[in-house]
Amino acid sequence: MVADHHLALFVDKKSKSKKLADNPPILTIKSNMAPITSFVKIKPPFQKTNFTSEQFEEFLKCSQDPLYFMANYIYIQHPQKGRMPFVAYPFQTELIKTYWKQTNTIAMIPRQSGKCVSCNTDIRIKHSKTGKQYNLPVEVYYDFIAAMKSGLDPVDISQYEITTP
């Protein structure tokens, strides 16, 4: 195929498979999004777009796998490091896989609820009566609280106490 060859995707109704047409009309992508002027690489809405065969294959990959699209085309703006690729946390990857496979999904997950915290993540707590501070793993903290609530002897957290010189 020639580099500026126009491509289009169609579905063969008999086999229900996706195929590339040899001489299709120009592929047009419509968008209702407001133009973003700070990014040069985003086209304005309703602009006709010509794809090379390589670009169209990449477009197909992105349309069929949101994780591929995210890994290759989504960036964040870091305050010190500038533009950098977005790297999803494992829980975010699992959510996206779930949303992609199951379209009728509701995630009851509020902001800042610890969903990105593992049992090894250290947290700092301050004892309200003694004023002592501890830097301990979340798992130990939960065990400590569970023991206190159930009336059992709490886990010894003295090894996690922060000593100030």
**Request:** Answer yes if at least one residue in the stretch 135-149 is modelled with pLDDT of 85 or more, farther than 29 Å from GLN92 by Cα and part of a loop (DSSP other than H, G, I, E, B), and no otherwise.
**Result:** no
**Item:** Residues of the stretch 56-102 satisfying the condition of being at pLDDT below 80 and polar (S, T, N, Q)
**Value:** GLN77, GLN80
**Request:** Take the stretch 148-163 and flag every residue that is over 15 Å from HIS127 (Cβ atoms) and either among the aliphatic types (A, V, I, L, M) or outside the structural domain of GLY131 (by TED's automatic domain parsing) (or both).
**Result:** LEU152
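Determine, yes or no, whether LYS132 is within 30 Å of PRO154 (Cα to Cα), surrounded by 12 or more Cβ atoms within 10 Å (Cβ to Cβ) and modelled with pLDDT of 85 or more.
On the way: within 30 Å of PRO154 (Cα to Cα): yes; surrounded by 12 or more Cβ atoms within 10 Å (Cβ to Cβ): yes; modelled with pLDDT of 85 or more: yes.
Taking the combined requirement at face value, the residue satisfies it.
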**Request:** Give the stretch 79-91 a look and list any residue that's exposed (fewer than 10 other Cβ atoms within 10 Å of the Cβ) and farther than 27 Å from ALA107 by Cα, or say none.
**Result:** PRO79, GLN80, LYS81, GLY82, ARG83
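The values are calculated or read from the model by the stated rules, or taken from the named source; none is laboratory data. This structure is a prediction, so every number in the text was calculated from the model and none was measured. Heads up, the Cβs are rebuilt from the backbone with ideal geometry, glycines too, and the neighbour counts pull from every protein chain shown.
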